[in-house]
Amino acid sequence: MMRIRAGARSLAVAVGALGGALFLGLFLSNSRPHGFALFSTLALIWTWALVLSAACVAAGHALLARLIPAHERSRFESLALAFPLGIVIFVLGLYIGGFLHLFSAAFAVIWPGLMIVSGVPAARHALTRLRRDGFPGRVLQVGWFSAIAWVVGILLLGVLYLGVMTPAAVNYDAAWIHLSIAQDYARAGHIVPFPGNWEADVMHLGSVLNTWSFLVPGLPMPALHWMMALHTEMTVFVWTLVGVAAAIGWLSRRRVSGAWVSFFLFPGLFVYDSNMGGAADHFLALFTPALLLATAKVTRRFARGPCLLWGLLAGGAMMTKVQSVYAVAPIGIWILAAAALGLRRHRREDVTAPSLRTVGRGLGWMAAAAFFVLLPHLGSNLVFFRNPLYPLMQNVFTGSRPTVKDATVMMQAGFPDWHNLPPAALGERIGEALKLLGTFTFVPHYSYVQGLPVFGSLFTLMLPLVLFAGRARRLWIGCLVALGAVFAWAMTYWVDRNLQTFLPLLVAATGAACIRLCELGWAARAGVTALVGVQLLWSGGLYFSGNDRIGDAIAFLRTAMDGKAVEKLKTYRSEFVELSRVLPQDAKVLLHDSHGNLGIDRPIYLDWPGYQGVIDYRQFRSPADLVRRLNELGITHVVYTPGAHPSDSKQEEVIFDAFTERSGAIPRVYGGLMMLPVPRAPAPDHPYQVVVIGVGPYPDGLYPVESLSTVETLPPRYLSWAGPARTAPTPAALLPQADAVIIGSNAVLDGPTTQALNAFHNTRGYSGFRLMLR
C-alpha cells in the first residue's frame, strides 16, 4: 500500500513538473520569443546529437553482440566499443546513400532511425547489464577523490563546450577542408570528387559524418549547420572519454569513478590548433582506446569475432586520417608479438595457445574487415581519379588524373610544411625520433604555445615510475604502445596537433599509472598528488586560452535575450556567405592563393602548387593562357585577397596579377575578398617578358615569364634559378621590351630607369618586392 502511495505521489510530481515546464516554455516564448527561439535551436542541435549517439550505440551494440559474447566484455568496454563501431556503420551508410544520390533531409532522419530500430534488442540487453553488471578486478573506494574529479571534470567540460559552441570555433583546416567537404556533399546530394583540392581527396571519415550535420532538418542558416558539425565533434569527444575510462580500467585492472577526468591533465586540448574546431584529429582519437581494448581481446585466441571487430575499428581509424598509422602501427606490433608468443606456446603443446592456422585466419579477418571499411573511399577515388590512393602515389598509379608535372615531388615536398619534417637520412631520423620520445612534450613543434609542455608531460614523467608499479603487465603494454605512437609521429612529421590523434593512449597510460602507483602507500600518493598538482596549477591558464571563443559563446547567448541572435549568426564568415548568395547556382570558383572556403557553397578549385593538380602556372606564358585553362575547367569566377601574400613563384604572380588587371571586369568586393568573372574567351595576347631588378636570387635582366617558374616554397634542394635572356648596364635599356617589372625592396634605381618606369604602374606590393605592369 505504501509503495502504491509513493508511486502515486511520484506520478503527481511528474505531472505537475511537466505542466510547469510547459507553462514556463509558453510564457518565455511569448515574452522573449527571439531568446527562446535560440535556446530551442540549441535544444534541437543537441537532440540531433543524441539521435546520433543513440543510433551509433544501438547499431554498434547489435553488431558487437555478434562479434564478442557479453560475458567477455564489461559494461564500460561495451560502450567504448559500441559507439565507434556504430560510427563506422553510420559512415558506411552515408557512403551508400551518397553513391545512390540520396543525400537529403529525409535521408538524414531515416538512416539513424533505421540504425536505432535495428539495435533496440541489443540496446535493451545492454541497459539491463548496466544495472547488474560488475567490473572485473578490484574496486577502489575513493569517494572523495571521485567526487572532486567529477566536479572538476564537468566544469572543464563546460569550459570546453563554450569554446566549441559557436561558429567562431571553426578553425582554418575545417574551413578549408573538413567542413567544406561536407558542405559540398550536402549541396550536390551525393558523393563528388574534388579535382582542385588534393587535401579533400584523402580519407576523411569525419567529413562524411558531418555531411549528416549539413543535412539534418530544422537548421535554416549555414552557420547553424556549422554549429551542428561542432556539436557532433563534441559528442564524439564525450564518447572518447568513455573509451578512455574503459582503457584506464583495463590497463590498471581497477575501477576509479571519474578516471576519465585524466584527459584534462593534457591541456593541449584547449590550445589552438589542437582544440576542437571541426577538423579530423578528435574523430580519429575516438578509435584509439577502442583499438586498445579490441587488441586485448584479439591477442587471447585470435578468434574471428574479435579480429573482425579490430579490423572494422582499424578501418574506421584509417578512413579518418592518414595519421592513423601512429596508433595502428604500434598496436599492430603488439598483435604480431602476441601471435609469435602464442605460436611458441602452441609448439610447446599448450592447448590454449592459437595455432598457425588460427593466427593466419585471424590476421586475414582483420585485414578483410579493414579493407571493407576503406573500400568506399578507395573505390570512389579509383573511379574519379584512376588512383585509389589519390593524390598519393601518383608515381605508382601513372594514369592518375588530373595531375601536373612532377606531381609526386610537389605532393611530398609542397604538401607538408617541410620545416617540420624529420631528417631524410634514416640513421639521423631514428636518432632524432628516440630523442623526441623524452623531449616531445617539452620542445613544442609547430605549436601556437611556444615553450610550454601542453602535451604529455605527465606521461613522460610517469614512465620511470611505472617500473615501481610491481606486477602490472597491462600497464607496461599500454605505456609501450603509447611510446610507439610517439615514435611513429617523431619518424614522420613534427606537427604537434597530430599528437591529438592518439592522445587517449597517453591519457589512459597516465591515468592507469596514477592509480597503480597510488596503491603503493601514502608516500607514493603524496608524490603523485604533488606531480599532478603542479601540472594542474601551471596549466590552469591554458584551459581558458580560447577565451576569444568562450567570449564569443557568452556574447552569442547574450544576444539571444536581446533578440539579436539571427544578426549575430549572420556575422560568421559573412563575406563567404554573401559571395555564395550572389554567385550563380552553376558557378565554379577558383580560390587564388587561399584555402578557407567554408560558406562559398559552390565547387571550389585551388591554384596553390602542391595542393592541387589542375592548374599549373608553369604552363602559362600570358594571362590568355590562364583564361583558356579556366574555361577548360568550367571555372566561372575567381576569388582572391589582394596583397595577402606573394604567390609561390614570380611567374604565377605576374600571370595572375596581369589577369586581374586586364580581365575587362571590375572586381566586386566582399569584406576582404574580391571576385572577378572569368571571360568566356581570352583577349588577344603575347608571351610576357619581365624585367627583374634587385630580386635575388634571380640576377637582374630580362626574362621570359616562364623562366621565373621556380616554386620558392619548396625545400632548398628542389630550387633552381634561371638566368636572364638579356642583360644591360642599366635596366632602362630593357624596359621597352617588358610587359612587367619586378623590383626588390632594396633595389637602387638610376635616373633613366626611374624615368622609363613611368610607362608602368604599381600592381602589387609585398615586403620583399613590388610588381609593376605596363
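Using the Cβ-Cβ distance between Val396 and Ala8 with R0 set to 51 Å, the FRET efficiency works out to roughly 0.10.
Helical runs assigned H by DSSP (4 residues or longer) give the chain a calculated mean residue ellipticity at 222 nm of -18000 deg cm²/dmol, each run adding -39500 (n - 2.57) before division by the residue total. The peptide list 89-95, 352-358, put in order of mean Cβ contacts within 10 Å with the highest first, becomes 89-95, 352-358. Take every pair of alpha-carbon atoms less than 8 Å apart whose residues are at least six positions apart; their mean separation over the length of the chain yields a relative contact order of 13 percent.
Between Ala188 and His71, the C-beta separation translates, for a Förster distance of 51 Å, into a calculated FRET efficiency of about 0.65.
Residue order by solvent-accessible surface for Thr529, Thr240 is Thr529, Thr240, largest first, with ligands and nucleic acids left out and a 1.4 Å probe. For Arg764, the amide hydrogen comes within under 5 Å of the amide hydrogens of Leu771, counting only partners 5 or more places away or on other chains and with H modelled in the peptide plane. With 28 Å as the limit, write out which pairs from Lys588/Lys650; Lys321/Lys435; Lys321/Lys650; Lys405/Lys435; Lys405/Lys650 have Cα-Cα distances beyond it, or answer none. Checking Cα-Cα distances, Lys321/Lys650; Lys405/Lys435 exceed 28 Å.
Using per-residue counts of other Cβ atoms within 10 Å, averaged over each peptide, order 283-290, 613-620, 398-405, 223-230 from highest down.
Highest-to-lowest ranking by the protection proxy: 283-290, 223-230, 613-620, 398-405.
Across Met561, Met675, the residue with the most accessible area heads the list, and the full order at a 1.4 Å probe is Met561, Met675.
The tail of the calculated P(r) for the stretch 635-736, taken as Cα-Cα distances beyond 23 Å, holds 40 percent of the pairs. Counting only DSSP beta bridges whose two residues both lie in the chain, roughly 65 percent are antiparallel. The chymotrypsin sites (Phe, Trp or Tyr not before Pro) of the stretch 415-456 that meet both conditions, a loop assignment by DSSP and at most 15 other Cβ atoms within 10 Å of the site Cβ, are Phe442, Tyr446, Tyr448.
In loop segments of the stretch 451-522 as defined by DSSP, the trypsin sites (Lys or Arg not before Pro) with at most 15 further C-beta atoms inside 10 Å of their C-beta are Arg471. Dipole check for the stretch 295-391: with +1 at the C-beta of Lys and Arg, -1 at the C-beta of Asp and Glu, and the Cα centre as origin, the magnitude is about 280 Debye.
Taking amide H as placed 1.01 Å from N in the peptide plane, the amide H of Val638 sits under 5 Å from that of Leu590, Leu676, Val678, each at least 5 places away or on another chain.
What the phi angles of the stretch 543-560 give under the Karplus curve with 6.51, -1.76 and 1.60, with θ = phi - 60°, is a coupling list of 4, 10, 5, x, 5, 5, 6, 4, x, 5, 5, 5, 5, 4, 5, 5, 5, 4 Hz, glycine and proline written as x.
Rounded to whole Å, the principal axis extents of the Cα atoms in the chain read 105, 74, 51, largest first. If you take the alpha carbon atoms of the stretch 688-774 and fit the smallest convex hull around them, that volume is 92 Å³ per residue.
Measuring r between the beta carbons of Ser745 and Ala644 and using R0 = 22 Å, the FRET efficiency lands at 0.80. A cut-off under 14 angstrom between Cβ atoms defines the neighbours of Leu505, and their net charge, with Lys, Arg +1 and Asp, Glu -1, is 0. Placing one equal scatterer on every Cα of the stretch 716-756 and applying the Debye formula, the log10 ratio I(q)/I(0) at q = 0.15 Å⁻¹ is -0.47. Here the Karplus curve 6.51 cos²θ - 1.76 cosθ + 1.60, taken at θ = phi - 60°, turns the phi angles of the stretch 671-684 into couplings of x, x, 9, 10, 10, 10, x, 8, x, 6, 8, x, 6, x Hz, with x standing for Gly and Pro. The shape of the stretch 312-459 can be summarised by an equivalent ellipsoid whose semi-axes, obtained from the alpha carbon gyration tensor, come to 33, 28, 15 Å from longest to shortest.
Taking all protein chains together and rolling a 1.4 Å probe, Trp46 ends up with roughly 80 Å² accessible. Based on C-alpha pairs under 8 angstrom that are at least 6 apart in sequence, the stretch 594-751 has a relative contact order of 22 percent.
Can you work out ³J(HN,Hα) from phi for every residue in the stretch 714-728, in order, using Karplus 6.51 cos²θ - 1.76 cosθ + 1.60 and θ = phi - 60°, giving whole Hz and x for Gly and Pro? Result, ordered by residue: 6, x, x, 5, 9, 8, 9, 10, 6, x, x, 6, 9, 10, 7 Hz.
Working with all protein chains in place, sort Val566, Val298 by solvent-accessible area computed with a 1.4 Å probe, largest first.
Final ranking, largest accessible area leading: Val566, Val298.
The values are calculated or read from the model by the stated rules, or taken from the named source; none is laboratory data. Just so it is clear, the structure is predicted and the values come from calculations on it, not from any experiment. Ideal geometry is used to build each Cβ from the backbone, glycine not excepted, and the neighbour counts take in all protein chains shown. Heavy atoms of the whole protein, side chains included, go into the accessibility calculation; ligands, DNA and RNA do not. Shrake-Rupley method; radii C 1.70, N 1.55, O 1.52, S 1.80 Å.
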